[in-house]
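Visitor: Have a look at this one.
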Amino acid sequence: MEHANSNEQQFISFRCRACQQEIEASSDMACTTSECPGCGVRIEIPAESEDGTLWGKPLDNTQDTYGFEEVEAIKSRTIRIELADDF
C-alpha cells in the first residue's frame, strides 16, 4: 500500500517476533532497533512492510490493496512507535 503523495510520511508495518503485536513505524526508522510496545523485547525494524500488515500487501492474492473496512480493522490492532528524541 503506497502513499499517493511523496511528501507524506511513509510507514512500515510488521509484527514483533516474540508476541506477534502488529507495529507501525516511520520508514525513517527502517533497519534500526526499538522496543516492542506489546512485550518490551528489543526489535529490529525491517526495511519493508510485512505482508498481511497495515502497509504490507494483503495475504489474499486476489486483491492488490485493502478495502476501507479491512484498513480500519488492521489499524485497530496496530501500535505505532515513534523515533526517540535522541535518535
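Visitor: What's the Cα-based Rg to Rh of region 18-78, Rh via Kirkwood?
Guide: 0.99
Visitor: Give me, ordered by chain and number, the residues 5 or more places off F11 or on other chains with an amide H under 5 Å from its own placed amide H.
Guide: The list, which skips near neighbours in sequence, is S27.
Visitor: Output wanted: per-residue J couplings in Hz (rounded whole) for region 29-39, from phi through Karplus 6.51 cos²θ - 1.76 cosθ + 1.60, θ = phi - 60°, x for Gly and Pro.
Guide: 8, 3, 6, 10, 10, 8, 10, 5, x, x, 10
Visitor: Given a Förster distance of 22 Å, report the FRET efficiency between Q9 and E48 from their Cβ-Cβ distance, rounded to the nearest 0.05.
Guide: It comes out at approximately 0.90.
Visitor: Just how large is the dipole of region 11-81 about the Cα centre, in debye to the nearest 20, putting +1 at every Lys and Arg Cβ and -1 at every Asp and Glu Cβ?
Guide: 300
All of the numbers you see were taken from the coordinates with simple rules; none came from a lab. Small disclaimer: the values here were computed from a predicted structure and weren't measured. Please note: Cβ atoms are built from the backbone with ideal geometry, for glycine as well, and neighbour counts cover all protein chains shown.
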